[in-house]
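Note sheet for the following structure.
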Amino acid sequence: MTEDQGQTGAPVEAGATPEERLLAELNPPQCEAVTHGDGPLLVLAGAGSGKTRVLTHRIAWLVATERAQPGEILAITFTNKAADEMRERVEGLVGRVSRLMWVMTFHSACARILRREAGRLGYKGTFTIYDESDSLRMVKRCMRELDLDPKRFAPRAVRALISGAKNQLLDAEGFRGQQGSFFEQTAADVYELYERRMHEANSMDFDDLLVRTVNLLELFEDVRRRYQQAFRQVLVDEYQDTNRAQYRLLQLLCEAHRNLFVVGDESQSIYGFRHADIRNILEFERDFPDADVVKLEQNYRSTQTILDATNAVIANNRSRKDKSLWSELGEGDPVHVRELEDEHAEARFVVSEMERLVDEGGSRDDIAVF
């Protein structure tokens, strides 16, 4: 693709405006998403359909049309790597003004807010952020204080319950009220002491970054209004992987202007074990009745045969949004299925296939194993 061609290969006319150049690079559904007006929008983006392109071009379009100043844009994703890639691509579209935007992970955005506002919650702005190992040590310390046997109550399991409760926005009392087993009630005791000791140490764990920011926005109307006014446009990548705390944070930030632009695919939701709640994307239109929906169904990576196979598999999902991926890359080679007796036979088969491909002149760089 040359610099003056879009994803569809359409040439850009000389003298085109910045907006026209941006839109020339998009297919019709992508263009519809990028030029969406005010209010909530759900972009259902199938695999390989250009969702990052849509997000970054949406940001560039908001700036080019002056619908938002760079500093009024909050773009959220889940990993530091994804955030770095998005920042780089946005800067390529809009230049150095991208550095005024908040393009970062949920946790980074919350940490930045809390550094400024921690005093409202009784913390110092210099609070320490505990990683998982630090948090686990604090759980073990609390268990020792409560004289609990770590062989009977595994510290990692206790910590996982506490983390799950926080991501559901349950404090120790709320968690205790929902649990029935002796182990869970004991975990609630640890949770209660853990919260006190963390506050005394002027420390927060990763889950606290989300929870305390939600607490801050819920408790202090002036702070909530300030950040609602600061972030006139909120964009979220991988929305299918948001949890209850992240959902509530977005709700609080957008309840005044409702300019929430989310991109996701419920068929790619894989983080349930990290408390992601797929209902956030499945019920988006219920929670935002005025929302528009755009489907990105053209796939740019795979042949139609591969997409037909994946569509047939996904059609069996009980909870899903209706969409069907298609491609202009042709039918391609057939999909081969092998059924073997166990995982060891599967591993041997995969290795033998890789060796065969390499012996026939293929490169290991062209092989992926899922």
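Scanning region 118-145 for residues that are touching a residue at least 60 places away in the same chain (Cβ under 8 Å) and open to solvent by 60 Å² or more (accessible area, probe 1.4 Å) gives 120, 124, 126, 128, 131, 132. Name the single residue, out of those in region 294-313 being in a loop (DSSP other than H, G, I, E, B), out of contact with any helix residue (DSSP H, G or I) (no Cβ under 9 Å at 6 or more places or on another chain) and not aromatic (Phe, Trp, Tyr), that is nearest to residue 31 (Cα to Cα). Top of the filtered list is 301. The residue pairs whose first member lies in region 162-181 and is farther than 14 Å from residue 277 by Cα, whose second member is open to solvent by 70 Å² or more (accessible area, probe 1.4 Å), and whose beta carbons are closer than 6 Å, counting only pairs six or more residues apart or on different chains, are 172/192.
Suppose the filter is at pLDDT 90 or above, touching a His at 6+ places or on another chain (Cβ under 7 Å) and more than 27 Å from residue 170 (Cβ to Cβ); does residue 333 pass it? Answer is no for this residue. From the residues in region 72-85 that are farther than 29 Å from residue 314 by Cβ and in contact (Cβ under 8 Å) with a residue 40 or more places away in the chain, which one is surrounded by the fewest Cβ atoms within 10 Å (Cβ to Cβ)? Applying the filter and picking the extreme gives 72.
Considering the conditions (1) touching a helix residue (DSSP H, G or I) at 6+ places or on another chain (Cβ under 6 Å); (2) closer than 30 Å to residue 34 by Cβ, residue 125 is excluded by exactly one of them, (2).
The residue that is surrounded by the fewest Cβ atoms within 10 Å (Cβ to Cβ), among those in region 44-68 that are assigned to a loop (DSSP other than H, G, I, E, B) and in contact (Cβ under 8 Å) with a residue 40 or more places away in the chain, is 65. Taken over region 229-267, the criterion of being small (Gly, Ala, Ser) and outside any strand (DSSP E or B) is satisfied by 230, 245, 256, 267. Of all residues in region 176-192, those satisfying the criterion of being part of a helix (DSSP H, G or I) and under 31 Å from the mean Cα position of the chain (by Cα) are 176, 177, 178, 184, 187, 188, 190, 191, 192.
Out of 159, 152, one residue alone is among the basic types (Lys, Arg) and over 21 Å from residue 244 (Cα atoms). It is 152. Annotation: of all residues in region 268-281 being in contact with an Asp or Glu (Cβ under 6 Å, 6 or more places away or on another chain) and not in a loop (DSSP other than H, G, I, E, B), the one that is surrounded by the fewest Cβ atoms within 10 Å (Cβ to Cβ) is 276. Residues in region 314-328 that are open to solvent by 100 Å² or more (accessible area, probe 1.4 Å) and either of a type in the set (A, V, I, L, M) or in a loop (DSSP other than H, G, I, E, B) (or both): 316, 318, 322, 328. Residue under question is residue 151, and the condition is that it be open to solvent by 30 Å² or more (accessible area, probe 1.4 Å), assigned to a loop (DSSP other than H, G, I, E, B) and either hydrophobic (A, V, I, L, M, F, W, C) or at negative phi (or both); does it hold? Considered against the rule, which asks whether it is open to solvent by 30 Å² or more (accessible area, probe 1.4 Å), assigned to a loop (DSSP other than H, G, I, E, B) and either hydrophobic (A, V, I, L, M, F, W, C) or at negative phi (or both), residue 151 comes out as yes.
Scanning region 26-39 for residues that are in a loop (DSSP other than H, G, I, E, B) and buried (at least 22 other Cβ atoms within 10 Å of the Cβ) yields a single hit, 26.
All told, residue 169 falls short of being in a helix (DSSP H, G or I), modelled with pLDDT of 95 or more and aliphatic (A, V, I, L, M). Candidates are the residues of region 93-117 that are touching a residue at least 24 places away in the same chain (Cβ under 8 Å) and among the small types (Gly, Ala, Ser); the one that is most open to solvent (accessible area, probe 1.4 Å) is 108. Among the listed residues 232, 156, 196, 226, identify the single one that is open to solvent by 50 Å² or more (accessible area, probe 1.4 Å), modelled with pLDDT of 95 or more and touching an Asp or Glu at 6+ places or on another chain (Cβ under 7 Å). From the options 232, 156, 196, 226, the qualifying one is 232. Against the test of being crowded, with 18+ Cβ neighbours inside 10 Å and touching a Pro at 6+ places or on another chain (Cβ under 8 Å), the options 259, 243 yield a single qualifying residue, 259. Across region 2-19, not a single residue is classified as among the small types (Gly, Ala, Ser), out of contact with any helix residue (DSSP H, G or I) (no Cβ under 6 Å at 6 or more places or on another chain) and modelled with pLDDT of 85 or more.
The values are calculated or read from the model by the stated rules, or taken from the named source; none is laboratory data. On a predicted model such as this, the values are computed, not experimentally measured, just so you know. Every residue, glycine as well, gets a Cβ built from its backbone with ideal geometry; the counts of neighbours run over all protein chains shown. Heavy atoms of the whole protein, side chains included, go into the accessibility calculation; ligands, DNA and RNA do not. Shrake-Rupley method; radii C 1.70, N 1.55, O 1.52, S 1.80 Å.
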